[in-house]
Amino acid sequence: MNVALARDYPSAKSTCGIAIMAKASIPGRVKTRLVPLLTFTEAAEFNTAFLKDVAANIAAAAADIPIQGYAAFGPPETAAFFASTLMSPIGLIEAWHPNFGDCLFTAVQTMFDRGHSAAIVLNSDSPTLPTSLLIETARLLARPGDCAVLGPSRDGGYYLLGMKAPHRRLFEDVAWSTERVAGQTRARATEIGLPVHILPEWYDINDAQSLQLLRAELDGKVVVDANLRPHAAVHTGALMRRLLAHTDLEARLAIACAPALQRAAE
């Protein structure tokens with residue numbers, strides 16, 4: 001049986017579906033914005049660690065409130081990677097289109113088609129995202145009345161978007177991978193009269209500065225939000241420690257972050 005089909009419909013009962021927008025860890029095809037700070041292989045290793053930690057985060061939230069996790073993945077032939085990397089009870093949704101908005105909407109529509117009363121799309125670049133934010137999103141979406149929940153990222157995008165109906169307009173006319181994504185998504189919601197609850201800001205790991213922030217947070221040297229407890233991200237932490245101990249990542253980070261530190265000092 002095809003791996004993706006075998007895991008299309010997990011047996012766990014839930015009311016809220018939550019899908020990680022995921023790519024398989026193929027060197028040269030994932031987390032390329034972190035190259036040349038990282039090698040292609042290291043970037044792929046971080047992708048795998050992030051995916052495992054985000055899946056663990058969903059599992060932690062599911063212990064508190066009914067949630068069913070999925071990986072909305074691509075390309076289609078990589079289903080076996082997700083089945084072996086994330087394991088059950090994370091289900092699989094094939095969502096592979098040229099336009100990222102279509103990938104997001106496919107994931108959302110599929111979760112509603114599978115019977116969930118709410119759907120959340122979640123990035124794979126925030127391994128320390130506080131579990132409480134996933135729980136809060138599911139609880140907000142369980143309330144009466146239509147609404148959306150948006151988790152803005154520091155770079156102008158969003159780390160999650162939740163909704164109670166498949167509003168395609170939220171994914172149209174959006175300049176993906178730019179600092180305008182969250183603002184444009186809110187504008188689309190305004191166009192259709194959809195109330196939006198805004199969560200606290202968090203961060204994505206997509207450049208040298210955010211990778212350095214991740215390192216500092218994992219080491220306990222930085223508190224991103226004093227009101228929130230970050231997810232432990234054990235897989236990412238283990239990989240970070242290994243690379244710092246056995247490669248020249250420390251020096252690479254110092255060189256890559258030097259211009260930003262200089263600008264901050266001026």
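Assorted remarks:
- For the pair A142 and A226, the difference between a 0.36 nm per residue extended length and the Cα-Cα distance amounts to 27.6 nm.
- Highest-MSF residue in the chain out of G74, G145, G193 [GNM, Cα springs under 10 Å]: G145
- Our summary gives the chain a relative contact order of 20 percent, counting only alpha carbon pairs under 8 angstrom and 6 or more residues apart.
- Two tests apply to each whole DSSP H helix in the chain, Cα reach of 24 Å or more along its axis and mean Kyte-Doolittle hydropathy of at least 0.0, and the ones passing both are 40-62.
- With N as its number of residues, the stretch 187-238 has a Cα radius of gyration that, divided by 2.2 N^0.38 Å, comes to 1.55.
- For the chain, the carbon plus sulfur part of the accessible surface works out to 55%, probe radius 1.4 Å.
- Gaussian network model of the chain, springs between alpha carbon atoms under 10 Å - residue of M240, M111, M21 with greatest fluctuation: M240
- For the stretch 49-144: relative contact order, % (alpha-carbon pairs under 8 angstrom, 6 or more apart): 33
- Count Lys and Arg as plus one, Asp and Glu as minus one, and take only other residues whose Cβ is under 15 Å from that of V196; the net charge is then +1.
- Neighbour cut-off at most 16 other Cβ (10 Å), DSSP loop, trypsin sites (Lys or Arg not before Pro), the stretch 17-74: R29
- Computed over the stretch 135-198: relative contact order in percent, which uses C-alpha pairs under 8 Å that are six or more apart: 34
- Residue of I135, I120, I20 that the Gaussian network model of the chain assigns the largest fluctuation, springs spanning Cα pairs under 10 Å: I135
- Calculated translational diffusion coefficient of the chain (4 °C, 1.567 mPa s; Stokes-Einstein with Kirkwood radius over alpha-carbon pairs) equals 69 µm²/s.
The values are calculated or read from the model by the stated rules, or taken from the named source; none is laboratory data. Bear in mind the structure is a predicted one, so any value in this text is a computation, not a measurement. Because the Cβ atoms are built from the backbone with ideal geometry, glycine has one as well, and the counts that use them run over all protein chains shown. Note: areas computed on protein heavy atoms with side chains; ligands, DNA, RNA excluded. Shrake-Rupley method; radii C 1.70, N 1.55, O 1.52, S 1.80 Å.
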